[in-house]
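The values are calculated or read from the model by the stated rules, or taken from the named source; none is laboratory data. In this text, all values refer to a predicted model and were calculated from it rather than measured experimentally. Virtual Cβ from ideal backbone geometry, glycine too; neighbours counted across all protein chains shown. For accessibility, only protein heavy atoms count, side chains too; no ligands or nucleic acids. Shrake-Rupley method; radii C 1.70, N 1.55, O 1.52, S 1.80 Å.
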Amino acid sequence: QVQLVESGGGLVQPGGSLRLSCAASGSILRLYDMGWYRQAPGKQRELVASIASDGRTTYADSVTGRFTISRDNTNNMVYLQMNSLKPEDTAVYHCNFRPPVAMYWGQGTQVTVSS
């Protein structure tokens, strides 16, 4: 059974950086397109970045140039490097397949950008 577990969130000052990790157990990650999603309080969940099985990436306009998604298929990991963080990046970040599969939404990892 597939499990997706996010980690790496925390409290960071504006302009700071964080690296989020997503560990996928019980799957052959390399076969799937993956995405990082976020949900801020009172807002709908949105796709932040995605990476296809062949490595092609896409980004939301709001994070282009600041965030980088990557994957390590050997170790079944997906990463999100977040630089130049802004208060509006504050949210719970989740990884999931793309398109997302409802049963694999996990707890996510909280990212708070505040001075």
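Descriptive notes on the structure:
- Taken over segment 16-31, the residue count meeting the criterion of being closer than 14 Å to F67 by Cβ and more than 16 Å from the chain's Cα centre (by Cα) is 1.
- Answer residue from segment 64-113, given it is assigned to a helix (DSSP H, G or I) and free of Cβ contacts under 8 Å to residues at least 24 places away in the same chain and is surrounded by the most Cβ atoms within 10 Å (Cβ to Cβ) among those: M103
- Residue satisfying all of: in segment 1-39; among the charged types (D, E, K, R) and not in a strand (DSSP E or B); surrounded by the most Cβ atoms within 10 Å (Cβ to Cβ) among these: D33
- Considering segment 44-59, and only residues there that are closer than 15 Å to M34 by Cβ and not in a strand (DSSP E or B), the residue that is nearest to the chain's Cα centre (by Cα) turns out to be A52.
- Any chance L47 is among the hydrophobic types (A, V, I, L, M, F, W, C) and open to solvent by 40 Å² or more (accessible area, probe 1.4 Å): yes
- Of the listed requirements (1) farther than 19 Å from S25 by Cβ; (2) touching a Gly at 6+ places or on another chain (Cβ under 9 Å), S62 misses just one: (2).
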